[in-house]
Protein chains: 4
Amino acid sequence: MTPRKSFGSDNHAGAHPAVLEALAAASQGDATAYGDDPWTARASAQLAEAFGADGGAFFVFNGTAANVLGLSLMLRPYEAVICAEGAHLNVDECGAAERIIGCKLLTVPTPDGKLTPDLVAPRLGGRGDEHRAQPRAVAITQVTEVGTCYSLDELRRLGEFCRASGLLIYLDGARLANSAAFLGCQLGDLAASVDVLSFGGTKNGAVGAEALIVMNASLADGVRFQRKQQMQLASKMRFVAAQFSALLEDQLWLRNARHANDMARRLADGVGDVPGVRLHYPVESNGVFAALDPAMVEPLQREWNFYVWEAAGHVVRWMTAFNTTENDIDAFLAGIRAAAGVLTT
Amino acid sequence: MTPRKSFGSDNHAGAHPAVLEALAAASQGDATAYGDDPWTARASAQLAEAFGADGGAFFVFNGTAANVLGLSLMLRPYEAVICAEGAHLNVDECGAAERIIGCKLLTVPTPDGKLTPDLVAPRLGGRGDEHRAQPRAVAITQVTEVGTCYSLDELRRLGEFCRASGLLIYLDGARLANSAAFLGCQLGDLAASVDVLSFGGTKNGAVGAEALIVMNASLADGVRFQRKQQMQLASKMRFVAAQFSALLEDQLWLRNARHANDMARRLADGVGDVPGVRLHYPVESNGVFAALDPAMVEPLQREWNFYVWEAAGHVVRWMTAFNTTENDIDAFLAGIRAAAGVLTT
Amino acid sequence: MTPRKSFGSDNHAGAHPAVLEALAAASQGDATAYGDDPWTARASAQLAEAFGADGGAFFVFNGTAANVLGLSLMLRPYEAVICAEGAHLNVDECGAAERIIGCKLLTVPTPDGKLTPDLVAPRLGGRGDEHRAQPRAVAITQVTEVGTCYSLDELRRLGEFCRASGLLIYLDGARLANSAAFLGCQLGDLAASVDVLSFGGTKNGAVGAEALIVMNASLADGVRFQRKQQMQLASKMRFVAAQFSALLEDQLWLRNARHANDMARRLADGVGDVPGVRLHYPVESNGVFAALDPAMVEPLQREWNFYVWEAAGHVVRWMTAFNTTENDIDAFLAGIRAAAGVLTT
Amino acid sequence: MTPRKSFGSDNHAGAHPAVLEALAAASQGDATAYGDDPWTARASAQLAEAFGADGGAFFVFNGTAANVLGLSLMLRPYEAVICAEGAHLNVDECGAAERIIGCKLLTVPTPDGKLTPDLVAPRLGGRGDEHRAQPRAVAITQVTEVGTCYSLDELRRLGEFCRASGLLIYLDGARLANSAAFLGCQLGDLAASVDVLSFGGTKNGAVGAEALIVMNASLADGVRFQRKQQMQLASKMRFVAAQFSALLEDQLWLRNARHANDMARRLADGVGDVPGVRLHYPVESNGVFAALDPAMVEPLQREWNFYVWEAAGHVVRWMTAFNTTENDIDAFLAGIRAAAGVLTT
C-alpha cells in the first residue's frame, strides 16, 4: 500500500524529476569549485535577470541561511530588524539572527502574518538614542507563515513607507513562487519594493537550493565573503545552481507552485461544508489553515500527517506540494469528513 | 574534444553515479523533514557504528560548517583552539571560527601540516590567567592540507598528550577516507584518539555532504540546536543522508579514496625522473605537492588546471579524484615532461 | 543660584562624600592590579557574605555589563532569556545581550514590570524543538523599571516555578538597595530565589561601581575569563572595590536607599491632591510614576528635569536620589502645583 | 615600614592627587548622565583638539575596551586585523577581539614589538579571495608592549604604506603619553598617520579612564551606539571625563609620563655595570626589559614585585610610574646589585 500523502509540509515532498535529471546532467566532467562554473554563471544570471537584481543572485543551502545572509548585508552591529512575531526568522531559526548577526529583532504581533506601515511605525521610537538598538531593516515573508500573500499594492505601500523612514526591506521568499502564482505577477514585481530577498527552491521541487537576490547593488559588497564565513559556500556549487536552472526551465517553478496552490484551493473548497472545520486564514497559497473542532484533531492526526499551528484555537496547517494530486486531496477530504462524522451536531 | 582533467582539486570532480542514483531513489514518496526520515536514521546509524561514535553522526552541508559546529561543541566563549598555521580552519574559512564561535585560534607553524605534542606544548602558557584565551581544543586535519597523513601512532601519542593536558581533539576529516586508504585502517581507528571529527563525502564522490561524528556522548548535548542555529539543518535531509549511504554501500567511500590515492601515486612515480620537478611533501593521499622549476609553472598552468600552493618555493598542488583515470595521469605526465623539456639541463 | 535638583534619574546625582573619601584612601601605596589587592578581597568577601553567595562577588563597570556578564554565565549559545518587554536589558542596552551573548530575548508584556509564573509559562513552548531558541533563564529587575518591587513571596513563587521548569533566574539589581529598604529585608532575602544577580552602587551614591553576585557556585566557573573578555576587568580594581566598601560601611547603602525612597514617598504624598496628577504605578522605591494632564507636561519640563516615560498616557517618571532633600521635594511640589494651576478645573 | 615600590606595572600605582581632587570637584551638583554633562563636553573637546581628531574623543573604562571599540569602527565582519604577535590585543585580552568583534587577528612576529611595511606586506595575500578573512586594519601599540617607541618617521612610513595598501591604522595608546615624552612631540604628531587610537589615562595617574580618539570623522559614525552596546557607556560619565581634564591641566599627563620615563632611564643606567643584567630592549619609555642571569631571578622576585616577561631568555620587565621616586629606584638598584652579588663572577 502506498503510504498516505503528507500534509505536514511542502518540504515533505521529494524532488521534482527534472531537478534530479539536472543534477545528473551537471555531473558531467570537471568544473571549478565554489561557483566558478558555467552552471552557476547561467543560473545566477537567469535569476538576476528575472528579478531585475542589480546586486546579483547567490546560492545558499537553506532558508535560514538566506535570511541571515540577507540581513547581514543590511545591518551594522547595533541595528535591529522589525519583523512579525510569527516570522520564521523569529520563531523557527533557533535564534540564528541573534547569534550569527548579533542583531535584535523587534517583533510585532500581526493579525495575518503581514506587516503594514501602521504596524511598523510604533517600533521606530528611540532613533538616535544610543541606548536603543536602531531599527534599520523590516523583514517580511511572502507567502507569509500563515499562507497569506501581500498584494503588490501592499508591498508598494510598505516599500514607500520604509524608504521614507530610512528602513530597508528584506523579504523571506521561501515560498515566493506560490505568491507569484497566486498574484499572477512576475518575480520582478514582487521584488520591486524590496532591497534583498530570498527565492526558495527547496519547498518547490528542489533537492535543497535557495537563492539570495540582492536588488540593490550597493548592498552586494561583501556578500561573497559573508556567505563563505556563514558556511554557505557550496564546494560543488554547480549542483545547487543546476537545480535552479531546472526550476527556471519553462517556468517549472511557476507550474509547480500553481499546482500546489490549486491543490490547496481544492482542499479549502472541499471542507467548505464540513461541520467542525472553519478556514482560519485566507487561502492564498499552498497552505490551508483551519480551526477544527477539538474533538477532530487527534483522530485525524492519527491517520494523516499535519501540524497543529496554534494550539489555542485548534488551528491546523495543511500544506500541499508540487506533487500533491487531486486523488490525495480527495482522499484527505474523505478522511476529514470521517473525522467530522463523530461530531454530535 | 573532451576537456582535460582538472588537477585543481578533488572537488572539481562531479558526483559518483551511485550517489546520483541514491538521490533519485531517495526522492520516492513523502518523508518528514529535518532528518526525521528513514534515510537519515539509517545513514547516521551506519556512520556512528563505523566510527564507534557514542555521540552520534550529524549531517551538514560543507566542511567549514563541520569544523565550526564541531568546535562549537567543545568550547566555552573564552576558550581557544590550537591548530596548524596552514589549517583550512585558519586559512581558508574566511574567519568563520572567529565570527561564528568567537574563539581565538592559536596557530603553530608545522613542517608538514601535522601537530605533535612538542608543537602544541608551547601554546599552553597562560592557563588560568584571565587575560589569556584558554586553550581547550587541538584541531588537526587528516589528510593534512599538504597531503600528509598522521600515522595511527602519531594520533595516539597526540591523543595521550591532549588528554593529559586537558585538551580535546577535533579532527577535520574532509579527506579522512584517503587517510584510511593510505593507512589501511578502519574509520574507527582514525577516531580512537579524537573527541569530535568530520567525515567528508564531497571530495570523495558526493554531490555535497559532510558528516560530523561526535565520539564522546557528553559533547553531543546541544548539537542539534547548534546545527540549526548555524544554518546547517537540511530541510530535505534524506538527500544528504542518502549520499552517505551510497558511499558506505560496499565501501564505495574506500574504493573511491583508494583509487584517488593510487592515481596520485602513479603521478608521483611518473615525475620521479622529470628534471625540474621535485616532490615537496610525502605523497600519502590523493595530492602531489611538487616544487617546480620556476620556468615550468606558467606554461604548465596554461594547459592544465592546478594551483600554486606555496609561491615562495614554486610548490604546486596536483589533486586526483575518484574519477581520475590512468589515462588522465599519463596525459598529464606527458604535459609535465613537455613543460620540463624547455629547461636547459 | 543653585541649579534645581534633577528628578531625571538617580544617576544625575554625584557621589556620596564617603565614597569619594574611600577613593582617596584607596590610593595610598602600590597594589597589584586586576583585583589581586586587599580592597577587592575585602569588598568582594563582604558582598559574598551579605548575599550568602557561594559563587562570589565580581566587580564590573556598569549595569549593562553586569546584566550581560551575569546572563553569559547561564546560557549556551542556543538558549534564550525570558524577560519583561520593558526590561532595561531589552530596551535600554542597545542590543548588548544579542550582540555580546548572541542570545534571543523572549519578551513578555507586563502590567507593572513584574514577571509571574503565569506570564512566563506561555513562553516555554517549543522546548526540545531544534528550531526554537531554548528558554533557559528568566531575567527580572528589582526594583523594576517602573518603580515597583517584587515582594519576597512573589520572588519565592517565581523561584519555585523556575526551578520546577528548569529555568535559572537572573536579577538585575541596579536599584536592589531601594527594594531592600522598601521591603525591610536583608540582601540575602532578595537573592534567595535567584541564581545570579547584580547589586548596583552607581545609582546609590557610587562614582561608578556595580557588583555581580553569583549565588550558585557552579555558575561561577569561567566568570573571571568572561569578565575580562567582556572588557569589564578594571586595571586598578581597588578603586571600584573601595566604593563598595564605603557603601557597606555602617550600611550606608541602606541609609542612602531609604532616604531616596522616603523622598519619593514625600513627593507622591504631596501630589495626592494636585489636580491633573494621578499616580500611575505603586510608589515602592525612589521613583514616582505619574500620569499628568497633557497640558502640564511641557511647562513643567521647562523648569524641571525629568523624563516622559510613556508618551501614550503622558506618564512621567520622577526619580529621587540619596542626596535629594526635603527642600528639593517641596520646591518641586510647588512647581507641580503651579503647573497644575493653569488647568481649567 | 612602608612596603617596597612595585615594579610590576604602572597600574600598580594609585591615582595622582590631582585626579582624586578632580573627582571630588566633579561631584558637585546634579548632572545629566551618559555624557551629556559639561565635564564630558570639556574633556572630550580638549582631547579632540589636542589630537586634531575630526571624529571626536570618547571615554571608555579600560584599554581592552578602547581597542575593541576602536577596531569595531573599522571592520566589516569578514575583515581582519594585522598585529604584532606580542600585541596586548592578541595576547592579553582573553580573545576579546575575536569574541566581541568576531574578527581574525593576523599576527606577525616582531623583533622589538614594532610593525613595519616589510612585516605587514606578507600578510596581505588572499585579498579578494572569499576564502580568506580580508586584512583591513593594522593595529600597532605605542609605546609597544616591550617598551619601545615608533619614531615619527616610522609611523609616517607605516602610514603611507597602509594608505597605499587600503589598510587603516589603529593605535593602542595605553602608554601613548610615555611615547610623547620620549619623542618630545605633540599628541597630534603621534596621531597624524593613524585613523583611530586610544589615549590611556589609567597607567598615567588616573583612577580608571581611557579615551578613544577618532581621527577620521567618517569612522565615527555609530561609535556612540557601539560604545553602549559594548558596555562602555559610563552612567556618571563626568567622573571619567574629569580625570582626563585633570591630566590635561598644565600637561600633567606629560609631566607624569616624563617622570616615569626618567625613572626608567635612571634604573637602566644604574644596572649598566651590574653583572648578570643585560638590557634586552631599548629603554624608550617607562619600562626596562633586562635579561637576567637565571640565578638572580628568584631571589630578586622574593624581595621585589616585577614580572618575568620572556621565560626563555630570563627577560624581566621593570615598570616605573608617575609616582616612582629616585629613592625607589636607588633602593631597587641596591636590591639588584645584592642579587647579582651571589653570582660567581
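Results, tabulated for the structure shown:
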quantity	calculated
Pairs, first on the phi > 0 side of the Ramachandran plot in region B:75-93, second surrounded by fewer than 24 Cβ atoms within 10 Å (Cβ to Cβ), C-beta under 8 Å, six or more apart	none
Hey, B:Arg227 closer than 28 Å to B:Phe7 by Cβ and either of a type in the set (Gly, Ala, Ser) or modelled with pLDDT of 95 or more (or both) or not	no
Index of the failed condition, D:Phe244 passing every other in (1) touching a strand residue (DSSP E or B) at 6+ places or on another chain (Cβ under 8 Å); (2) part of a helix (DSSP H, G or I); (3) surrounded by fewer than 24 Cβ atoms within 10 Å (Cβ to Cβ)	(3)
Conditions (1) assigned to a helix (DSSP H, G or I); (2) in contact with a Ser or Thr (Cβ under 8 Å, 6 or more places away or on another chain); (3) not polar (S, T, N, Q): number failed by B:Ala180	(2)
Evaluation of C:Ser72 against (1) within 7 Å of chain D (Cβ to nearest Cβ); (2) out of contact with any strand residue (DSSP E or B) (no Cβ under 9 Å at 6 or more places or on another chain); (3) modelled with pLDDT of 95 or more (one fails), failing number	(1)
Evaluation of B:Arg258 against (1) under 18 Å from the mean Cα position of the chain (by Cα); (2) without any contact (Cβ under 8 Å) to a residue 12 or more places away in the chain (one fails), failing number	(2)
Lone unmet requirement of (1) more than 7 Å from every other protein chain (Cβ to nearest Cβ); (2) over 18 Å from D:Gly35 (Cα atoms) for D:Asp221	(2)
Which listed residue, of D:Leu176, D:Leu119, is crowded, with 19+ Cβ neighbours inside 10 Å and without any contact (Cβ under 8 Å) to a residue 40 or more places away in the chain	D:Leu176
Test result for D:Thr325, among the β-branched types (Val, Ile, Thr), surrounded by fewer than 18 Cβ atoms within 10 Å (Cβ to Cβ) and on the phi < 0 side of the Ramachandran plot	yes
Any hit, region D:197-210, residues being of a type in the set (Lys, Arg), within 14 Å of another protein chain (Cβ to nearest Cβ) and more than 14 Å from the chain's Cα centre (by Cα)	no
Enumeration of residues in region A:99-113 that are touching a Cys at 6+ places or on another chain (Cβ under 9 Å), outside any loop (DSSP other than H, G, I, E, B) and within 9 Å of chain C (Cβ to nearest Cβ)	A:Arg99, A:Leu105, A:Thr107
Region D:78-98: number of residues that are within 8 Å of chain B (Cβ to nearest Cβ) and crowded, with 24+ Cβ neighbours inside 10 Å	5
Scope region A:2-25; condition assigned to a helix (DSSP H, G or I) and facing chain B (nearest Cβ under 7 Å); matching residues	A:Asn11, A:His12, A:Leu20, A:Leu23, A:Ala24
Test: C:Ala15 is within 24 Å of the chain's Cα centre (by Cα), closer than 15 Å to C:Val214 by Cβ, among the aliphatic types (A, V, I, L, M) and at pLDDT 95 or above	no
Residue check, C:Ser44 at pLDDT 95 or above, closer than 30 Å to C:Asp221 by Cα and among the hydroxyl-bearing types (Ser, Thr, Tyr)	yes
Which numbered condition A:Ala334 fails, given (1) at pLDDT 95 or above; (2) touching a helix residue (DSSP H, G or I) at 6+ places or on another chain (Cβ under 8 Å)	(2)
A:Met263 being within 19 Å of A:Phe182 (Cβ to Cβ), part of a helix (DSSP H, G or I) and not β-branched (Val, Ile, Thr)	yes
Residues of region B:293-312 that turn out to be assigned to a loop (DSSP other than H, G, I, E, B), more than 24 Å from the chain's Cα centre (by Cα) and touching a residue at least 24 places away in the same chain (Cβ under 8 Å), as a count	1
Verdict on B:Ala43 being more than 7 Å from chain A (Cβ to nearest Cβ), within 21 Å of the chain's Cα centre (by Cα), aliphatic (A, V, I, L, M) and surrounded by 24 or more Cβ atoms within 10 Å (Cβ to Cβ)	yes
Top-ranked residue in region D:1-40 [being without any contact (Cβ under 8 Å) to a residue 12 or more places away in the chain and within 28 Å of D:Thr320 (Cα to Cα); ranked as surrounded by the fewest Cβ atoms within 10 Å (Cβ to Cβ)]	D:Met1
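Every residue, every condition in (1) of a type in the set (Phe, Trp, Tyr); (2) within 20 Å of D:Gly63 (Cα to Cα); (3) at pLDDT 95 or above; (4) touching a Phe, Trp or Tyr at 6+ places or on another chain (Cβ under 7 Å), yes or no:
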residue	(1), (2), (3), (4)
D:Ser235	no, yes, yes, yes
D:Ala246	no, yes, yes, no
D:Leu254	no, yes, yes, no
D:Arg266	no, no, yes, no
D:Glu284	no, no, yes, yes
D:Val288	no, no, yes, yes
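The rows are residues; the columns are (1) part of a strand (DSSP E or B); (2) of a type in the set (Gly, Ala, Ser); (3) more than 29 Å from A:Asn305 (Cβ to Cβ).
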{"site": "B:Asp36", "(1), (2), (3)": "no, no, no"}
{"site": "B:Thr40", "(1), (2), (3)": "no, no, no"}
{"site": "B:Gln46", "(1), (2), (3)": "no, no, no"}
{"site": "B:Ala50", "(1), (2), (3)": "no, yes, yes"}
{"site": "B:Asp54", "(1), (2), (3)": "no, no, yes"}
{"site": "B:Ala57", "(1), (2), (3)": "yes, yes, no"}
{"site": "B:Ala66", "(1), (2), (3)": "no, yes, yes"}
{"site": "B:Met74", "(1), (2), (3)": "no, no, yes"}
{"site": "B:Ala80", "(1), (2), (3)": "yes, yes, yes"}
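The values are calculated or read from the model by the stated rules, or taken from the named source; none is laboratory data. This is a predicted model, so every value here is computed, not measured. Quick reminder, even Gly has a Cβ in these numbers, built from the backbone with ideal geometry, and neighbours come from all protein chains shown.
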